[in-house]
Amino acid sequence: MMTKNADKKREQMMMFCMDDMVPQNHMLRLIDKAIDWTFIYDLVEEKYCSDNGRPSMDPVMLIKIPFIQYLYGIKSMRQTIKEIEVNVAYRWFLGLDMMDPVPHFSTFGKNYTRRFKDTDLFEQIFAKILEDCMKFKLVDTDQIFVDSTHVKACANSKKMRKRVAQEQALWYEEKLQKEISRDREAHGKKPLKEKDKNDPPSGSGSGDNTKEEEIPEGIKTQKCSISDPESGWFRKGEHKHVFAYAVETACDKHGWILGYSIHPGNEHDSRTFKTLYDKIKIYSPAMIIADAGYRTPAIAHELLEDGIEPLFPYKRPMTKEGFFRKYEYVYDEYYDCYICPENHILSYHTTNREGYREYVSCGEICASCPNLHRCTESKEHIKVITRHVWEEYMEKAEDIRHTLGNKQIYDLRKETIERIFGTAKEQHGFRYTQYIGKARMEMKAGLTFACMNLKKLARILAKREERISTIHNIWRLLKEKSFFKEKWCWRLSPAQTLSTVCAVFVKRLCFLCYNKSLSYEITKWF
């Protein structure tokens with residue numbers, strides 16, 4: 001029979017409970033149960049006046065709104081507010097009933113500008129959620145995986161100008177210069193002169209108002225976005241050239257995000273590593289796993305000096321085709337020289353400003369060498385090989401790479417840090433940002449990673465609660481059923497019978513719950 005006029009129910013009035021409208025296994029319900037949101041009041045208390053002004057919006061609701069946006073990957077705050085208006089679960093999560101008005105989409109932006117700007121509020125929220133994950137013994141900081149991904153900035157790639165390229169200061173500059181001075185002194189060389197401080201000024205970032213036509217000729221320039229000057233021009237492989245931000249992230253082997261840092265998209269990972277490293281070294285990791293972008297003498301030196309093993313991948317030599325590889329020149333540590341494939345010596349010459357020792361050959365001997373065409377193209381027939389003053393740390397890192405079992409550890413990158421980036425971009429809107437400025441990008445990264453950790457924590461706690469409730473139900477059935485009256489139990493004492501029956505049933509229960517380790521531990525109790 002065909003049903004007609006089904007839309008009459010649209011106008012009917014009924015009474016219901018908001019809590020009954022949200023399923024028990026809904027993600028927002030699991031998240032709300034996993035964490036106590038009242039910690040936000042303590043973080044923002046000093047941002048509000050206690051005895052003056054009109055009542056403000058609840059700070060917990062104010063933070064929960066962007067949580068909904070990043071948790072479900074909603075494109076904008078305006079669209080998020082529209083979703084909250086019609087979604088019962090969103091209203092329940094925010095503490096609103098069906099008739100309460102939803103805040104305006106500009107509310108969060110105004111509060112951010114007036115209260116939360118230039119603060120570490122969102123990093124504190126991320127840290128608090130991570131702390132809750134650690135309380136449940138879910139995080140293992142023994143091995144930490146580090147990598148970075150790029151997020152497209154809210155900037156038109158066609159609206160740009162040129163500015164003087166900024167010479168980025170190296171985070172290890174002071175240590176390197178001291179090491180260079182000691183090395184030159186050990187070889188009987190004079191200390192290097194300090195660089196001339198009257199060099200042309202370099203670019204200063206977002207505050208640089210130098211016009212393109214005012215840049216002198218011969219000065220190195222870089223592209224700068226007019227919309228978002230703090231972003232960087234990013235190009236990698238066949239990717240489209242865009243302005244972007246680099247999000248450097250660290251996680252453990254279980255996929256828990258431990259820290260993050262934001263940088264312009266045109267800065268190399270090895271130069272921005274120190275910012276993230278200062279945040280994660282408090283966890284005292286035994287090993288840090290990173291890709292080839294972090295395989296530098298400075299990072300190897302920093303990690304090994306702190307007692308942390310660096311695990312880097314193999315990097316193919318960048319030698320021209322048809323020429324000898326660097327490893328074919330043998331380094332003699334005792335005499336501090338290199339020996340070429342033709343058994344000729346390359347003696348120490350100097351240590352340059354970049355921290356590389358230069359070993360040069362004798363041009364007269366090399367001129368008559370039959371393999372000169374495979375060695376150098378120098379007009380003076382001189383071969384130069386460089387060796388960093390921290391090269392021994394790179395050799396130690398190479399030994400760590402060859403250690404048994406470390407290859408399997410490095411292969412976990414695709415299951416940990418790479419999976420985090422893929423999930424963030426596919427499900428949480430992390431491919432691009434609609435915010436302008438590095439500070440707002442830090443807010444987006446902090447809340448996104450906090451959502452990912454919180455979602456994972458909520459699911460794990462829900463599964464634990466389900467298993468515990470199942471065990472309690474079986475235990476209740478064991479009490480209700482009088483197994484002691486069975487004939488096969490007569491030969492045993494009541495205590496032995498109870499122990500045997502409980503062990504069998506609990507072991508089967510845990511096996512059905514896919515937790516063999518729990519089955520073994522509970523069986524030992526009996």
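The values are calculated or read from the model by the stated rules, or taken from the named source; none is laboratory data. Remember, predicted model here, so these are calculated numbers, not experimental data. Counting neighbours? That spans all protein chains shown, and the Cβs are built from the backbone with ideal geometry, glycine included. The area values use the complete protein model at the heavy-atom level, side chains included, leaving out ligands, DNA and RNA. Shrake-Rupley method; radii C 1.70, N 1.55, O 1.52, S 1.80 Å.
Two decimals is fine: what is log10 I(q)/I(0) at q = 0.11, 0.17, 0.26 Å⁻¹ for the range 67-131, from a Debye sum with one equal scatterer on every Cα and no solvent?
Log-scaled intensity ratios, in q order: -0.31, -0.73, -1.17.
Going by amide H atoms built from the backbone, whose H comes under 5 Å of the H on ASP58, apart from near neighbours?
Distant-sequence amide H within range of ASP58: zero hits.
I need the shape label for the range 368-485. Rule: rounded when a/c is under 1.5, else prolate if a/b > b/c, else oblate, with a, b, c from the alpha carbon gyration tensor.
Numbers: a/c = 4.97, a/b = 2.09, b/c = 2.38.
Verdict is oblate for the range 368-485.
Rounded to the nearest Å, what's the spacing between the alpha carbon centres of the range 66-134 and the range 424-458? Just the number, please.
Measuring centre to centre over Cα atoms gives 12 Å.
Okay, which of the range 308-329 sit inside 13 Å, backbone N to the point 7 Å along the Cα-Cβ direction of ASN406?
308-315
What is the gain in length, in nm to one decimal, between GLU167 and LEU138 on full extension, counting 0.36 nm per residue of separation less the C-alpha to C-alpha distance? Write down the numbers at each step before the final one.
Numbers: separation 29, 0.36 × 29 = 10.44 nm, distance 4.20 nm.
Contour length minus Cα-Cα distance gives 6.2 nm.
So, in the range 343-473, how many Lys pairs have Cα atoms under 25 Å apart, if the pair is 8 or more places apart or on different chains?
The number of close lysine pairs in the range 343-473 is 13.
Excluding ligands and nucleic acids, what accessible area in Å² is computed for LEU311 using a 1.4 Å probe, to the nearest 10?
Roll a 1.4 Å probe over it and LEU311 shows about 0 Å².
Could you pull the accessible area for LYS175 with a 1.4 Å probe, rounded to 10 Å²?
Around 100 Å² of this residue is reachable by solvent.
With every protein chain left in place, what is the accessible area per residue of the range 1-143 in square angstrom, probe 1.4 Å?
That works out to 65 Å² for each residue.
The range 276-300 to the range 400-417: how many Å between their Cα centroids?
One Cα centre to the other: 14 Å.
Take the Cα pairs of the range 316-442, get the Kirkwood Rh, then feed it into Stokes-Einstein at 4 °C and 1.567 mPa s and tell me D in µm²/s.
69 µm²/s
Taking a probe of 1.4 angstrom, what is the accessible area of MET98 in Å², to the nearest 10?
Roll a 1.4 Å probe over it and MET98 shows about 80 Å².
How big is the range 289-353 along each principal axis, measuring the range of its Cα positions in Å and listing the largest first?
The principal-axis extents, from largest down, are 38, 29, 22 Å.
For the range 226-381, just run the numbers: alpha carbon Rg, then divide by 2.2 N^0.38 Å, N being how many residues it has. Before the final figure, lay out the partial values.
Working: Rg = 21.1 Å, N = 156, 2.2 N^0.38 = 15.0 Å.
It is 1.41.
In 5 Å bins starting at 0, how do the alpha-carbon pair distances of the range 1-130 split up by percent?
Going out from 0 Å in 5 Å bins, the range 1-130 shows 2, 8, 16, 19, 19, 14, 9, 5, 3, 2, 1, 1, 0, 0 percent.
Please compute the Kirkwood hydrodynamic radius over the range 48-95, one decimal place, Å, based on all pairs of different Cα atoms.
Evaluated over the range 48-95, this radius sits at 11.8 Å.
Would you mind telling me the share, in percent, of accessible area of the range 387-447 contributed by carbon and sulfur at probe 1.4 angstrom?
Accessible surface attributable to carbon and sulfur in the range 387-447 totals 49 percent.
Which percent of the accessible area of the range 269-376 is formed by carbon and sulfur heavy atoms (probe 1.4 angstrom)?
It is 50 percent, rounded to a whole number.
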